[in-house]
Amino acid sequence: MSIITLTWWDVAVAALLVLALAGLSFWQRLALQRQILIAGTRTIVQLALVGLILEIIFADVRLLWVVLMAMVMLAVAGYETMARQKRRLNGFWAYGIGTVSLFTSSFTVALFALLVIIGNDPWYQPQYAIPLLGMMLGNTMNGIALSLDRLMSTAWQQRAVIEQRLMLGQHWKEAISELRVEAMRAGMIPTINAMAAVGVVSLPGMMTGQILSGTSPIEAVKYQIMIMFMVAAGAGFGTVVALQLGARRLFDERERLRLERLKVVD
Amino acid sequence: MPRLRLQQLVCDRLQPIDLEIGAAEIVCLSGPSGAGKSTLLRAIADLDPHQGEVWLDEQEQASVPAPQWRSRVGMLAADSLWWFDEVRPHFARVEQEWFQMLGFDLHVLDWQVSRLSRGERQRLALLRLLSHTPNALLLDEPSANLDVENTRRVEILIERYRDVQQAPVLWISHDSEQIRRVAQRHCRLEGGHLVIQESNT
């Protein structure tokens with residue numbers, strides 16, 4: 001099977017669709033055209049850059065390049081987990097907690113997959129390592145951002161309840177336990193839904209991509225199943241770590257609820 | 001004998017406060033709204049950062065893990081809030097006599113919190129606090145939303161608890177009649193200062 005390569009003109013035609021959407025937004029006063037155009041431009045620039053970088057890294061396989069690339073991806077994903085929370089911990093905490101939880105979950109699971117499941121030589125073969133890590137980070141980032149956002153906003157709304165529980169002598173963990181469960185759900189539901197609906201409602205992008213590039217569907221499916229499980233594990237572990245760290249930071253060493261550690265960002 | 005002692009307690013806008021409440025003593029606290037009465041109770045319960053020392057018996061606040069301190073120095077907030085759907089899971093144990101003293105039978109434990117009136121919630125919040133048997137009580141207007149009859153019931157229960165546990169009680173109240181009825185001493189918070197009023201004995 002041969003691949004039909006796209007020309008940049010083909011890509012430009014696809015861009016017309018987004019331009020049309022922006023036009024509709026302007027005409028209907030949806031006030032989204034600015035965001036659409038900025039996001040669309042970012043898509044082009046970011047992906048073009050990544051494409052160039054990947055071309056270089058794939059041509060010159062070295063652990064150093066893979067590690068550097070992974071670090072940049074982690075830094076950006078950490079920033080995104082922070083930026084998506086309306087109420088977030090102030091100082092370095094929102095970024096720090098997001099990044100640490102991303103690192104502990106995504107990197108561990110990706111390493112596990114590369115070493116144990118795929119077993120390439122060298123194990124850091126960038127053609128595998130970088131896309132895998134990217135998918136892990138992207139999904140884990142969503143889970144962490146959703147769950148922390150939920151935890152911080154519900155803690156804010158229910159601060160009086162939390163304090164009355166503390167007044168009865170409850171440990172901070174107990175006083176915030178229901179909110180943590182709820183936040184965990186919020187973070188995990190997209191992943192669980194994705195696992196449940198995959199193949200029936202949606203064909204995942206990675207699998208579609210492999211099929212488009214000529215891999216046999218059953219091979220693509222095996223990869224996709226592995227990816228889904230890795231993503232579920234990564235997002236789940238990452239969310240647990242983030243909620244543990246985030247919830248602890250809402251209380252001080254005397255287990256007082258310290259909501260002045262949150263700031264609101266619009 | 002449990003005794004509650006504040007030593008140079010500084011919280012928020014308040015001047016350093018020294019106060020000693022003896023075993024089984026009720027001290028009422030009044031003052032204009034915003035004077036910092038609730039703030040003071042919160043500092044004693046260690047819910048806000050503060051300076052100075054608070055002692056219960058020979059135990060200093062900072063020397064005890066915070067949850068343990070708060071279960072010994074029980075605070076009742078002005079608005080009672082609930083987190084489970086039913087009343088029962090909020091209670092550590094059930095003392096039937098106390099429920100009766102506040103005009104409840106034990107069926108109330110199976111009620112939905114959402115069905116309770118404001119006054120019922122307030123009385124149940126007191127029972128909830130007492131069910132954890134604190135050694136000292138910090139009460140923020142425990143009868144603010146209650147009618148005359150229920151106000152008296154609440155007062156009698158608190159006095160009974162105080163007698164049985166020999167608990168020191170710091171009680172925020174705006175009702176001068178009530179202060180006369182229950183307090184051995186009366187303090188006012190004004191302009192950040194704690195002023196000891198008359199002795200009620």
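The values are calculated or read from the model by the stated rules, or taken from the named source; none is laboratory data. Bear in mind the structure is a predicted one, so any value in this text is a computation, not a measurement. Note that we place each Cβ from the backbone using ideal geometry, even for glycine, and neighbour counts take in every protein chain shown.
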If only one of A:I218, A:I189 is more than 21 Å from A:E260 (Cβ to Cβ), assigned by TED's automatic domain parsing to the domain that holds A:Q244, β-branched (V, I, T) and over 16 Å from the mean Cα position of the chain (by Cα), which one is it? A:I218
Can you find even one residue in the range B:74-96 that is within 14 Å of another protein chain (Cβ to nearest Cβ), touching a residue at least 24 places away in the same chain (Cβ under 8 Å), assigned to a loop (DSSP other than H, G, I, E, B) and of a type in the set (D, E, K, R)? yes
Somewhere in the range B:168-182, is a residue surrounded by fewer than 21 Cβ atoms within 10 Å (Cβ to Cβ), outside any helix (DSSP H, G or I) and at pLDDT below 95? yes
Based on what the data block shows, is A:E182 outside any loop (DSSP other than H, G, I, E, B), within 14 Å of another protein chain (Cβ to nearest Cβ) and more than 19 Å from A:R256 (Cα to Cα)? yes
Quick one: in the range B:97-131, which of the residues that are without any contact (Cβ under 8 Å) to a residue 12 or more places away in the chain and assigned to a helix (DSSP H, G or I) is farthest from B:S71 (Cα to Cα)? B:R115
Checking A:E255 against (1) over 30 Å from B:P65 (Cβ atoms); (2) at pLDDT 90 or above, the condition it does not meet: (1)
Output the qualifying pairs, or none if there are none: Cβ atoms under 7 angstrom, residues six or more apart or on different chains, first residue in the range B:1-14 and under 22 Å from B:D57 (Cα atoms), second residue loosely packed, with under 13 Cβ neighbours inside 10 Å and among the acidic types (D, E). B:L6/B:D18; B:Q7/B:D18; B:Q8/B:D18
